[in-house]
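Peer 1: I have a structure here, written as structure tokens, and I will follow up with some questions on it.
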Amino acid sequence: MPTETDHAEGSPVGGRGAVPVTAPSRSVGVLLPLALFQAYDYLAPDGLPPDGRLLARGDFVTVPLGRRTVTGVVWGPGAGDVAPEKLKEVAARLPLPPLPASSCDFIDWVAQYTMAPIGAVLRMAMSVPDALLPERTLKAWTLGTAEGAKLTAARRRVLDVLQASLPLPPVELARLAGVSAGIVAEMGKAGLLKAVPLALKRPFGEPDAAVAGPALSAAQRDAAAALGGLAPGVTLIDGVTGSGKTEVYFETIAAALRAGRQALVMVPEIALTPQWLKRFERRFGAQPAQWHSELTGLERRLTWRAVLDGSAKVVVGARSSLFLPYRDLGLIIVDEEHESSFKQEDGVIYQARDMAVVRGHLAKIPVILASATPSLETMVNVENGRYRAVRLPDRHGGATLPSIETIDLRIDKPARNSWIAPGLKVEIERTLEAGEQALLFLNRRGYAPLTLCRTCGHRLQCPRCTAWLVEHRFHQKLMCHHCGFESPMPPACPACQSEGSFAACGPGVERLAEEAAALFPDARRLVLTSDTVTGPAKAESLMRSVAEREVDLVIGTQIIAKGHNFPHLTLVGVVDADLGLHGGDLRAAERTYQLMSQVAGRAGRGEKPGRVYLQTYDPDRAVMQALKSGDRDSFMAAEADDRRQAGMPPFGRLAALILSSSDQAAVTAKAQELARCAPHREGVHVLGPAPAPLALLRGRHRLRFLLKTRRDIASQGVLKAWLRGLKFPGDLRLQIDIDPYSFM
Ligand code: ADP
Ligand code: ZN
Ligand code: ZN
């Protein structure tokens, strides 16, 4: 991989490749990727070299802003609210394909819906500023023609490497030959090596629809046919884990490829596994372009450009991939559509699944949502005919779904300071004796969620948030899971100075691992949490060690719940099935159902059937009963009834307002002002102000309002009228969250 220091030449915006503009004569609106609510007017000339074309919507241009030159996008005619003689000129048009109209329209829509500054939405589409620069030529060395130059052993090694290789970038060549960079440079000067432009290797291939993938089962073939190719509209693939939803939507990707159009597959970041990529490659003979947080700068640049020029045909990525500048997007797939990680909670706050549906609608292309446990919103949309549904009720290849039982913790009590019920312990022992694998699931990182002083009762709390500090023994520190604050374990209680007085309260996955070690000392154990799974490579090797039976007992958080296939895993024990039900979240029961099903889906993927035990204090609760009986649809229907009665989404609309400041008095005063002018009308309710559950976050005091409106009333209009003329001076901030998923 060439490094940044290899650039034979680089040039800033406005340098080589940017086209100078002359003869100003009219105004255009240029949108800048900054937190601005509108485009700014600039003067534009009649025509621009090299082709004399007028500036048009979507053109990437550079403009002066204060003393800086910034890159923006022509958004339309000027607004005309600044006198022409005061306008500055567009500096240049960049020699790039324009931002496609579908991207511009989408950005307009998202800004209007989320009420975020439109410039901030544009910034998501221009997330790789480097990609706007002219393609940089990287230098590579090949064999030179000089004769008679002195050949040392080191120099000879360099020549030997090049004998058998394509041209190599300097750093790579020096590494392979085991010589210093200086020696390579010297050889260049002496003419022993010749510089040539490096052909950049793209981090993706050219997927080919004609490659024969695995043969589809009859059910899968029917489902693929029912998807209806590239006809616009939204379709849900509703299929149990292991039914082969992926193979089915691959067929629609094949249709997009045959039509010469681009396809996007959105997946939760942790579901973008090497296994998924391998399956893609098996079906299409090449790797798709990827878009996630671990790409290098060069990979980002190459990928962004290839999406813009249309040469990246299939993109798989996390939610931000929705804002890439697709030249001709023909299909969007949202896998695991129920996942709450599709909601972006900071910056521009948006629901990527919902925005994918919007993008599909604007571009008149199909959107496929896939899930084993679809969200209630999606199920309601299927029921009322807005979305179509295709069903895959059985696992591929005849594997059966695991049986699910509850363990009543009031009766089958774990010992003090332990969390595994005697009944579950027996089942794990049996599984291990049979030479099969077991999984203990607890969705809580760290050792213990709360540490308190036994002498004075003091609880270790984050200095910046309303949250306990979580002990992480693995890293030997205390951490705040909300703001990232870290500190070592204090030697003595900060309140009463007692030493050795701290007690850990409740279990985290690290503490559970300790208990498992005591109960099953002979089992080969592996702890999987984001603290031990530090990256994709590590994840791959750990998951493989499970698949290859190097491990008997896995102890993990939700990091294990996705995508991975463990054929020898036959038992899953959920240590605290009630964990997600506390806190009064609108979607708590729904999410518990989804997470439990997903974890349960890890068991019995091979020949032997799987068994799942849910430890709970409330086995009679509807969600536990539904998990046991597998009657998802009745459970979701009951949930839907509750929401309908309460006028909650998707039957009504919610918008959250979070007012925050480092100054508590300022927040309170502003909240009172907001409360005084709150809207009063039929179908509109304002709840709050109330202290947020996280009343203090990163040192900011927070108060919340919830705006609840009837479904036929748009929150945005109500909010605009409410907030008109209000000022937020100092560090007061108002965050608007349309369709909130977090109520913290
Ligand atoms: P889902 O996404 O519905 O959970 P997957 O698409 O991951 O299911 O499929 C589950 C497993 O079955 C995977 O290992 C996949 O490779 C395998 N599989 C599914 N369909 C086929 C098929 N037609 N031929 C061979 N293997 C298949
Ligand atoms: Zn104390
Ligand atoms: Zn904190």
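Peer 1: If the chain between CYS496 and ASP222 were fully stretched, how many nm would it gain, using 0.36 nm times the residue separation less the Cα-Cα distance?
Peer 2: So the extension gain works out to 91.7 nm.
Peer 1: Given the pairs LYS608/LYS628; LYS150/LYS194; LYS86/LYS720; LYS88/LYS720; LYS425/LYS477, which span a C-alpha to C-alpha distance of over 28 angstrom in this model?
Peer 2: The answer is LYS86/LYS720; LYS88/LYS720; LYS425/LYS477.
Peer 1: Express the carbon and sulfur contribution to the solvent-accessible surface of region 166-315 as a percent, rounded to the nearest whole number, probe 1.4 angstrom.
Peer 2: Percent of accessible area from carbon and sulfur atoms in region 166-315: 57.
Peer 1: Quick check on region 185-286: take the gyration tensor over C-alpha atoms, sort the square-rooted eigenvalues as a ≥ b ≥ c, and tell me if it's rounded (a/c under 1.5), prolate or oblate.
Peer 2: prolate
Peer 1: Take the Cβ-Cβ distance between GLU206 and GLU135 as r, set R0 to 22 Å, and report the resulting FRET efficiency rounded to the nearest 0.05. Could you put the intermediate results ahead of the total?
Peer 2: Working: r = 19 Å, r/R0 = 0.88.
Calculated transfer efficiency: 0.70.
Peer 1: Using 0.36 nm times the number of residues separating ARG175 and ALA153, minus their current alpha carbon distance, what extension gain do you get? Intermediate values should be presented prior to the final figure.
Peer 2: Values: separation 22, 0.36 × 22 = 7.92 nm, distance 1.52 nm.
Length gained between ARG175 and ALA153: 6.4 nm.
Peer 1: Tell me the label-point distance for the pair THR142, GLU429, using the 7 Å Cα-to-Cβ offset, in nm and rounded to one decimal.
Peer 2: Spacing of the two 7 Å Cα→Cβ label points: 7.1 nm.
Peer 1: For the chain, which cysteines have no disulfide-compatible partner, meaning no other cysteine Cβ under 4.7 Å?
Peer 2: Cysteines of the chain left without a disulfide-compatible partner: CYS104, CYS483, CYS505, CYS677.
Peer 1: I would also like to ask the following. Could you run the Karplus curve 6.51 cos²θ - 1.76 cosθ + 1.60 with θ = phi - 60° over region 423-429 and give me ³J(HN,Hα) per residue in whole Hz, x for Gly and Pro?
Peer 2: Computed from phi, the couplings for region 423-429 are x, 5, 4, 4, 5, 5, 4 Hz.
Peer 1: Roll a 1.4 Å probe over the protein chains and send me the accessible area per residue for region 230-299 in Å².
Peer 2: On the way: 2230 Å² over 70 residues.
Each residue of region 230-299 exposes 32 Å² on average to a 1.4 Å probe.
Peer 1: Estimate the FRET efficiency between ALA56 and SER629 by the formula 1/(1 + (r/R0)^6), using the beta-carbon distance for r and 56 Å for R0, to the nearest 0.05.
Peer 2: The pair ALA56/SER629 has a calculated efficiency of 0.40.
Peer 1: OK, next. Check which residues have an amide H placed less than 5 Å from VAL572's amide H, if you skip close sequence neighbours.
Peer 2: Counting only residues 5 or more places away or on other chains, the set is LEU439, ARG611, VAL612, TYR613.
Peer 1: Rounded to the nearest 5, what % of DSSP beta bridges with both residues in the chain are antiparallel? Spell out each step's value before the answer.
Peer 2: Details: 68 of 119 bridges.
Antiparallel: roughly 55 percent of the beta bridges in the chain.
Peer 1: Quick one: compute the contact order of the chain, relative version, from alpha carbon pairs under 8 angstrom and 6+ residues apart, as a percent.
Peer 2: Worked out over the chain, it gives 10 percent.
Peer 1: With r as the distance between the Cβ atoms of LEU519 and ASP618 and R0 = 22 Å, compute the FRET efficiency 1/(1 + (r/R0)^6) and round to 0.05. Intermediate values should be presented prior to the final figure.
Peer 2: Working: r = 25 Å, r/R0 = 1.13.
So, using R0 = 22 Å, E works out to roughly 0.30.
Peer 1: Follow-up. Counting only heavy atoms of protein chains, what accessible area per residue, in Å², does region 562-683 have with a probe of 1.4 Å?
Peer 2: Spelled out: the 1.4 Å probe surface of region 562-683, per residue, equals 41 Å².
Peer 1: So, counting K/R as plus one and D/E as minus one, what does the shell of residues with Cβ under 14 Å around GLU486 add up to?
Peer 2: Summing Lys/Arg as +1 and Asp/Glu as -1 gives +3.
Peer 1: Under 15 Å from a label point 7 Å along Cα→Cβ of ARG26: give me every residue in region 81-100 with its amide N that close.
Peer 2: Hits in region 81-100 for ARG26 at 15 Å: 90.
Peer 1: Let me ask you something else. Hey, any idea what % of region 440-518's accessible area is carbon plus sulfur with a 1.4 Å probe?
Peer 2: Heavy-atom surface of region 440-518 belonging to carbon and sulfur, 1.4 Å probe: 51 percent.
Peer 1: Counting Lys +1, Arg +1, Asp -1, Glu -1, what net charge surrounds ALA518 among other residues with beta carbon under 13 Å of its beta carbon?
Peer 2: 0
Peer 1: May I ask you to compute the full-extension gain from LEU734 to ALA286, defined as 0.36 nm times their residue separation minus their alpha-carbon distance, rounded to one decimal in nm?
Peer 2: On the way: separation 448, 0.36 × 448 = 161.28 nm, distance 4.61 nm.
Computed gain between LEU734 and ALA286 is 156.7 nm.
Peer 1: What is the spin-label model distance, in nm, from LEU36 to THR668 if the labels are put 7 Å beyond Cα along the C-beta direction?
Peer 2: Distance between the two pseudo-spin positions: 4.0 nm.
Peer 1: Another one. Per DSSP H run of n ≥ 4, the term is -39500 (n - 2.57); total these for the chain, divide by its residue number, and report the mean residue ellipticity at 222 nm rounded to 500 deg cm²/dmol.
Peer 2: Mean residue ellipticity, 222 nm, calculated: -8500 deg cm²/dmol.
Peer 1: Further, regarding this structure: Can you work out the accessible area per residue across region 358-476, with the rest of the protein chains kept in place, probe 1.4 Å, in square angstrom?
Peer 2: 49 Å²
Peer 1: I want to check the label-to-label distance for HIS482 and TRP109. Put each point 7 Å from Cα in the C-beta direction and report it in nm to one decimal.
Peer 2: For the pair HIS482/TRP109, the computed spacing is 3.5 nm.
The values are calculated or read from the model by the stated rules, or taken from the named source; none is laboratory data. Owing to the predicted nature of the structure, the values given are computational and were not obtained by experimental measurement. A quick note on method: Cβ atoms are made from the backbone with ideal geometry, for glycine too, and the neighbour counts reach across all protein chains shown. Accessible surface is based on the protein model in full, side chains and every heavy atom, while ligands, DNA and RNA are left aside. Shrake-Rupley method; radii C 1.70, N 1.55, O 1.52, S 1.80 Å.
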